[in-house]
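Asker: For reference, the structure I am asking about is given below.
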Amino acid sequence: MGKKNSCLMQTVQHSEQTLKTALISKNPTLVSLYEQLDAGERRLLNKAFKPDSDLFGPITLHSESDWIISHPEPPQDFEQFFSDPSRKAPSPEKRSIYIQCIGSLGNTRIISEEYIKWLKGYCEAFFYGLTVKLLEPVPVSVTRCSFRINDNTQNLQIHAGHILRFLKKKKPRDAFCIVGITMIDLYPRDSWNFVFGQASLTDGVGIFSFARYGSDFYSSRYEGKVNKLQKVSSSDYSVFDNYYIPEVTSVLLLRSCKTLTHEIGHIFGLRHCQWLACLMQGSNHLEEADRRPLNLCPICLRKLRCAVGFNIIERYQALVKWIDDESADIPGVSTGHSREDNVNLPKPVEAFKEWKEWIIRCLAVVQK
């Protein structure tokens, strides 16, 4: 792996041959599996190692604090993914992704309900062919998790590991995985400052927080700060009752979709990508997470396709449809209680428009 130095930026450059092997493998069985793919699908995936491709570019590193530099990991090619003995794939009995909301996602119940439906629809398109189901939202108190006030941000945080334990107990029989989502910041252990999300592949559970995706989280005016630095009793969950929730914007929705699909990708056995610019790249901070694209590179796309079994064209079409369908209401889906005046919030998809154009260019390659 060569790294080209420039004033600040480095590019992670692999040779054509390295990328080709990472995608197709040299194992005859996997090569023949590749050859069974539809010609259009192969044409798109082969862009991984075509240096003239404007669809998939190399990873750029902007600083020493970027994930690849600060967390050296062995890269995972398709063959390693395929033959990983600990990898779990959906089965006919376990083809559902469950989403469990912890606390509110919006500052009114309607916004919360719509937001979680937008995320559900996005996951159904992204993991095309699997069913995504919503569990009734629960308050923090139900999880019995530890919580604290973060010394740096003066903001409430809940313990990610305790939430995973709670989710594991709640996991339905037909679940491939169950993921918790929350607008409350997370920490994985006392010595850590925070974590965006945490997942356990063996248990098929994950928890992700969108707290830091609000536009004002890092500002001194952030309203989520706990002003009274009282020693909160470890069992008094009433501190979460009027918890501050950032405004739901298009950028917040985009970042949430990105985190959710990246973390669920891990539950399918996809490790951090080090091949090309890809959703599955690791990220240490928000800037780096924002630079990651919404899409999978061809190597990771082949991994997910192998795990889920979708048709690439249909999956891309479903993603375009989700972006185009600005009202999230799916006919016949009821959330179990009457809707206040049946309000229909428009889905804020402005931030996804560029990605939609990218998908349309991919579809043109596959359908040529």
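The values are calculated or read from the model by the stated rules, or taken from the named source; none is laboratory data. Quantities reported herein were computed from a predicted structural model and do not represent experimental measurements. Don't worry about glycine lacking a Cβ; one is built from the backbone with ideal geometry, like all the others, and counts go over all protein chains shown. Side chains are part of the model used for accessible areas, which takes the heavy atoms of the whole protein and leaves out ligands, DNA and RNA. Shrake-Rupley method; radii C 1.70, N 1.55, O 1.52, S 1.80 Å.
Asker: Considering the dipole of the chain built from charges on the beta carbon (Lys and Arg +1, Asp and Glu -1) around the Cα centre, which of Ser220, Ile149, Thr249 is farthest to its positive end?
Answerer: Positive-end residue among those listed: Ile149.
Asker: Right, another one. With the crude spin-label approximation of a point 7 Å out along Cα→Cβ, what separation in nm comes out for Lys368 versus Asp54?
Answerer: Label at Lys368, label at Asp54, 1.4 nm between them.
Asker: With a 1.4 Å probe and all protein chains kept in place, how much accessible area does Trp275 have, in Å² rounded to the nearest 10?
Answerer: Rounded to the nearest 10, the figure is 20 Å².
Asker: Here's something else I'd like to know. Antiparallel versus total DSSP beta bridges in segment 88-268: what percent is that, nearest 5?
Answerer: 30 percent
Asker: What would the Debye formula give as log10 I(q)/I(0) at q = 0.08, 0.15 Å⁻¹ for the alpha-carbon point model of segment 88-268, no solvent?
Answerer: Log-scaled intensity ratios, in q order: -0.23, -0.83.
Asker: Structure shown: which of Lys20/Lys356; Lys20/Lys258; Lys133/Lys353; Lys50/Lys88 lie over 28 Å apart, alpha-carbon to alpha-carbon?
Answerer: Among Lys20/Lys356; Lys20/Lys258; Lys133/Lys353; Lys50/Lys88, the Cα-Cα distance tops 28 Å for Lys50/Lys88.
Asker: May I ask you to list the aspartates and glutamates whose Cα is less than 19 Å away from that of Lys168, ignoring any residue fewer than eight positions away on the same chain?
Answerer: Here the aspartates and glutamates satisfying the reach criterion relative to Lys168 are Glu93, Glu136, Asp203, Glu263.
Asker: Could you give the nm distance between label points at Glu136 and Ser91, where each point is 7 Å from its Cα heading toward the beta carbon?
Answerer: Output for this residue pair reads 3.0 nm.
Asker: Cross-link partners among aspartates and glutamates for Lys47, C-alpha distance below 18 Å, same-chain residues fewer than 8 apart left out?
Answerer: Straight-distance partners of Lys47: Glu16, Glu35, Asp38, Asp77, Glu357.
Asker: Take His162 and His285, extend 7 Å from each Cα along the Cα→Cβ direction, and tell me the distance between the two endpoints in nm.
Answerer: Those two pseudo-labels are separated by 3.0 nm.
Asker: With r as the distance between the Cβ atoms of Trp358 and Gln17 and R0 = 22 Å, compute the FRET efficiency 1/(1 + (r/R0)^6) and round to 0.05.
Answerer: 0.25
Asker: Here is a follow-up. Reachable aspartates and glutamates from Lys225, Cα under 15 Å, same-chain residues fewer than 8 places away excluded?
Answerer: Result set, ordered by chain and number: Asp151, Asp185, Asp216, Asp241.
Asker: I need the peptides 217-223, 40-46, 259-265 ranked by packing, meaning the mean over residues of other C-beta atoms within 10 angstrom, with the highest value on top.
Answerer: In descending order of packing, they fall as 259-265, 40-46, 217-223.
Asker: Same structure, new question: Among bridges DSSP assigns within the chain, what percent are antiparallel (round to 5)?
Answerer: DSSP beta bridges in the chain are roughly 45 percent antiparallel.
Asker: Could you compute Rg(Cα) / (2.2 N^0.38 Å) for the chain, with N its residue count?
Answerer: 1.00
Asker: Related question: Which listed residue (Tyr122, Ser200, His285) has the Cα farthest towards the positive end of the charge dipole for the chain, taking +1 on Lys and Arg C-beta and -1 on Asp and Glu C-beta about the Cα centre?
Answerer: About the Cα centre, the residue reaching furthest to the positive side is Ser200.
Asker: For the chain, give the magnitude of the charge dipole about the Cα centre (Cβ charges: +1 Lys/Arg, -1 Asp/Glu; no others), in debye to the nearest 20.
Answerer: 860 debye
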